[in-house]
1. Between beta-carbons, use under 14 Å as the cut-off and find the net charge around A:THR77, counting Lys and Arg +1, Asp and Glu -1.
2. Using Cα atoms only, what is the angle between the long axis of helix B:68-80 and the major principal axis of chain B, expressed in degrees (0 to 90) to the nearest 10?
3. Taking the Cα centre of the range B:41-115 as origin, sum charge times position over the Cβ atoms of Lys and Arg (+1) and Asp and Glu (-1), and report the length of that vector in debye to the nearest 20.
4. Output the 0 to 90 degree angle, nearest 10, between the alpha-carbon long axis of helix B:41-50 and the longest principal axis computed from the alpha carbons of chain B.
5. Among A:ASP26, A:ASP99, A:ASP82, whose mean-square fluctuation peaks in a Gaussian network model of chain A (Cα, cutoff 10 Å)?
6. Where the label is 7 Å out from Cα toward Cβ, how close does B:GLU111 come to the same position in every other copy, in nm, shortest first?
7. Would you mind listing the distances between the B:GLN68 label point and the same position in each other copy? Use 7 Å along Cα-to-C-beta, nm, one decimal, shortest first.
8. Contact order normalised by length for the range A:27-117, with contacts defined as Cα pairs under 8 Å and 6 or more residues apart; what percent is it?
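What follows draws every value from the coordinates through simple rules; no lab data is involved. Because the structure is predicted, anything quoted here is derived from the model rather than measured. Because the Cβ atoms are built from the backbone with ideal geometry, glycine has one as well, and the counts that use them run over all protein chains shown.
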There are 2 protein chains.
Amino acid sequence: MFMEEKCERVDTQQIETLLQAIPEADSISKMAAVFQALQSETRLKILFLLRQKEMCVCELEQALEVTQSAVSHSLRTLRQLDLVRVRREGKFTVYYIADEHVRMLIEMGLEHVEEKA
Amino acid sequence: MFMEEKCERVDTQQIETLLQAIPEADSISKMAAVFQALQSETRLKILFLLRQKEMCVCELEQALEVTQSAVSHSLRTLRQLDLVRVRREGKFTVYYIADEHVRMLIEMGLEHVEEKA
DNA sequence: TTAATATATGAACAACTGTTCATATGTTCA
DNA sequence: TGAACATATGAACAGTTGTTCATATATTAA
């Protein structure tokens, strides 16, 4: 079996081994979706707000100065990835951070960027 | 000073306080950039590979099955955000994970998605 | 020098994202 | 009931991203 020529550092056998040790395609794909959700400033702000206190949509709307529709769309994205969860409370829909994991994630991200300042 | 009408749960004063407690705009913006970088499957795979062993561009190219150009562009993004760092080694450019923080970040992301499986 | 190898960069294009607008659904209270 | 409030959803559009192709730069060895 012929192997394409690569630079002399490449050890095809070793690369194979390294590839087997990375998470499976499905996990990578889901992770990409999670980080994709965290890449929006609006959604980050939502998480930093919810980190302090669970809130309904209209509270978030007021805090963020975007339309109710935009907040709702953002919340759906976060909800679908289980980054936030939801609870009905009469006519209000109350959102809150899903778990400690999510808190850690945004904490790590924040520390990374503040570290360099 | 007139306040727009909002739903009865909104406490304008409290919202103001919550807003002051979220990271400043510049940090949010930088965080968004970091998560934006982590949202690409190619870049995630690069990080999961580098987590095991520092590698030069052509090793990554072989492992990932995308063009050398694509790898290089991805590495630049990661480099600019200080997620990976670089070292010259003769004619090779060796990339490696910037610090333990970055390892934690991808670890958290992975745990979050695997937790639900 | 020059040729070969390794990496970086710019342009261009298809694919995707976030927002708004318009509208639908769900809930409460009169 | 129905009117008012709270939230969700679909369509559409501008802006952004990731890839490839073509080419430039950097390093080594001859």
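1. Here the count lands on +4.
2. 50 degrees
3. 500 debye
4. Orientation of helix B:41-50: about 60 degrees from the principal axis.
5. Per the Cα network of chain A with a 10 Å cutoff, A:ASP26 tops the list.
6. 1.1
7. 5.7
8. Relative contact order here is 26 percent.
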